[in-house]
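S.K.: Next up is a structure, given as structure tokens.
The values are calculated or read from the model by the stated rules, or taken from the named source; none is laboratory data. Just so we're clear, the structure is a prediction, and the values are computed from it rather than from any experiment. Positions of Cβ are backbone-derived with ideal geometry, glycine not excepted, and every protein chain shown enters the neighbour counts. Surface accessibility is based on the protein's heavy atoms, side chains included, excluding ligands, DNA and RNA. Shrake-Rupley method; radii C 1.70, N 1.55, O 1.52, S 1.80 Å.
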Amino acid sequence: MELWFTEKHTENVKFSIQVDKQLYTGQSEFQRIDIFESKEFGRFLTLDGYMMLTEKDEFIYHEMMVHVPMAVHPYVKNVLVIGGGDGGTVRELVRYPEIAQIDLVEIDAEVVSACRAFLPQTACGLEDKRVQIYYDDGLRFVRKYVEEYDLILVDSTDPFGPGEGLFTKEFYGNCYKALKKDGIMVNQHESPFYPADATAMQRAHKRIVDSFPISKVYQAHIPTYPSGHWLFGFASKKYHPIDDHNTTAWKQRGLVTRYYNEQLHDGAFALPNYVEELLERVESV
Ligand code: SAM
């Protein structure tokens, strides 16, 4: 007998992984949560049937979300992570001793408990004593703060369901307000490839460009996300992601990474022409 997980990437494209067994299934107040075991990708987490992470390729997403801004901002002390209940983003952050406080705002406590039980590879970072978890809507949480954080990482689901509010103009404006004068926000910026994803990406990009003086986009190859071509947004009040990239300081830390390196940091901001065109189209409106 064969068991397969299948996600529709478009009406005409499906992506499937053969499953050894289902480790967890649950319906929370917000979404359906499943964790599977597979030969090819190890364990993987899906929410409402959408791939969130696999053990095999999560390092790409989490390293690119964390190390890019950390190699630019010279003194990150207070960090806010919005979403990210699997713990992978926090796991990369806790490798920096200079970070004093990491607030994680996750809407769904059941994601955290399922990941703690079945995905220790990512959830391990949540046990660090600098991490404070708040079970709240990121949209509501961030409204309360003014010049509080050096870095905000938006590690959200896609722009529908509980994640919808994390792609609004109001949310980005409040992130701007919650950041210190030289703060940086990085967000998962969706994919440029399939038309529906590209439209969501352009909508988010336009709102970020309208909210921050510096707004750049970088890319990574994430095999289990739609088309495998994924974007991140780098929005900042002061620092430019390449001009202020401090390779010497980052190298001195001696962090071992599997995807991120200092050449790739700059190269990731060099985008294909069709992606540049999609971005320029909304930047000039
Ligand atoms: N890397 C993933 C991806 O792009 O597919 C995201 C992973 S992480 C599991 C996303 C988390 O965001 C989920 O656990 C979800 O519960 C949480 N989330 C969704 N909407 C939220 C909101 N409004 N406030 C806080 N957390 C939210």
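S.K.: Quick one: 3J(HN,Hα) in Hz for the range 31-47, Karplus 6.51/-1.76/1.60 with θ = phi - 60°, rounded, Gly and Pro as x.
M.R.: 6, 8, 10, 10, 10, 10, 10, 9, 6, 6, 10, x, 6, 9, 10, 10, 10
S.K.: Near the amide H of His245, under 5 Å away, which other amide H atoms are found, from residues 5 or more places off or on another chain, if H is placed in the peptide plane?
M.R.: none
S.K.: When the distances between all Cα atoms of the range 1-56 are binned every 5 Å from zero, what whole-number percent does each bin get?
M.R.: Using 5 Å bins, I get a P(r) of 5, 19, 29, 25, 16, 6, 0 for the range 1-56.
S.K.: Nearest 20 debye, what's the magnitude of the dipole of the range 144-285 about its Cα centre given +1 on Lys and Arg Cβ and -1 on Asp and Glu Cβ?
M.R.: Around 300 debye, computed over the range 144-285.
S.K.: Let me ask another. State the percent of C-alpha pairs, over all pairs in the range 164-225, separated by a distance greater than 20 angstrom.
M.R.: Result: 28 percent of Cα pairs exceed 20 Å.
S.K.: Just name one of Asn174, Ile35, Thr10: the one whose Cα is farthest towards the positive end of the charge dipole of the chain (beta-carbon charges, Lys/Arg +1, Asp/Glu -1).
M.R.: Comparing the listed Cα positions along the dipole, Asn174 ranks first.
S.K.: Also: On a 1.4 Å probe surface of the protein chains, which of Thr122, Thr10 comes out largest in accessible area, and what is the full order?
M.R.: Thr10, Thr122
S.K.: What do you get for trypsin sites (Lys or Arg not before Pro) in the range 222-257 restricted to DSSP loop and a cutoff of at most 16 other Cβ within 10 Å of the site's Cβ?
M.R.: When the trypsin sites (Lys or Arg not before Pro) of the range 222-257 are filtered for loop state and at most 16 Cβ neighbours within 10 Å, Lys237, Lys238, Arg253 remain.
S.K.: If you don't mind, there's one more thing I want to ask. How high is the relative contact order of the chain? Use alpha-carbon pairs under 8 Å, at least six apart in sequence, and give a whole percent.
M.R.: For the chain, the relative contact order is 16 percent.
S.K.: Under 18 Å Cα to Cα from Lys77, which lysines show up? Leave out anything in the same chain fewer than 8 places away.
M.R.: By straight Cα distance, Lys77 reaches Lys129, Lys177, Lys180, Lys181, Lys237, Lys238.
S.K.: Sticking with this structure for a sec: Could you provide, to the nearest whole Å², the per residue accessible area of the range 122-264 with probe 1.4 Å?
M.R.: Ligands and nucleic acids excluded, the figure is 43 Å² per residue.
S.K.: Also, I was wondering about something else. How many percent of the accessible area of the range 169-285 is carbon or sulfur, using a 1.4 Å probe?
M.R.: For the range 169-285, the apolar C and S fraction of the accessible surface comes to 52 percent.
S.K.: In debye, nearest 20, what is the charge dipole magnitude of the range 85-131 about its Cα centre with +1 on Lys and Arg Cβ and -1 on Asp and Glu Cβ, if you could check?
M.R.: With only Lys, Arg, Asp and Glu charged at Cβ, the dipole is about 200 debye.
S.K.: Could you work out the per residue convex hull volume over the alpha carbons of the range 112-210, in cubic angstrom?
M.R.: 128 Å³
S.K.: Before rounding to the nearest 500, sum -39500 (n - 2.57) across all DSSP H runs of length at least 4 in the chain and divide by the residue total; then give [θ] at 222 nm in deg cm²/dmol.
M.R.: -8500 deg cm²/dmol
S.K.: Just to be sure I follow the definition: excluding the sites themselves, where is the longest run in the chain that has none of the GluC sites (Glu not before Pro) in a DSSP loop with at most 13 other Cβ atoms within 10 Å?
M.R.: 148-285
S.K.: For the chain, what is the charge dipole size about the Cα centre, in debye to the nearest 20, if Lys and Arg each add +1 at the Cβ and Asp and Glu each add -1 at the Cβ?
M.R.: In total the dipole reaches around 620 debye.
S.K.: Let me ask something additional. Place +1 on the Cβ of every Lys and Arg and -1 on the Cβ of every Asp and Glu in the chain, take the dipole about the Cα centre, and give the residue among Thr247, Gly138, Val66 whose Cα lies farthest towards its positive end.
M.R.: In the chain, that residue is Thr247.
S.K.: Something else about it: Please compute the alpha carbon radius of gyration of the chain, then divide it by the globular-protein estimate 2.2 N^0.38 Å. Two decimals is fine.
M.R.: Its radius of gyration relative to the 2.2 N^0.38 Å reference: 0.95.
S.K.: Per residue, how big is the convex hull of the range 38-108 when only Cα atoms are used? Give it in Å³.
M.R.: 88 Å³
S.K.: Here is a further query. Using Cα pairs under 8 angstrom and six or more residues apart, how large is the relative contact order of the range 204-245, in percent?
M.R.: 40 percent
S.K.: Shifting gears a bit: At 1.306 mPa s and 10 °C, plugging the Kirkwood radius over alpha-carbon pairs of the range 159-285 into Stokes-Einstein gives what diffusion coefficient in µm²/s?
M.R.: 102 µm²/s
S.K.: Defining a contact as two alpha carbons under 8 Å apart and six or more residues distant in sequence, what relative contact order in percent does the range 1-91 show?
M.R.: Reported relative contact order: 15 percent.
S.K.: Taking only Cα atoms and a 10 Å spring cutoff, compute GNM fluctuations for the chain and point out the largest among Ile242, Ile208, Ile152.
M.R.: Ile242
S.K.: With θ set to phi - 60°, apply the Karplus curve 6.51 cos²θ - 1.76 cosθ + 1.60 along the range 153-168 and write out the HN-Hα couplings as whole Hz, x wherever there is a Gly or Pro.
M.R.: 10, 9, 9, 9, 6, 6, x, 8, x, x, x, 3, x, 7, 10, 9
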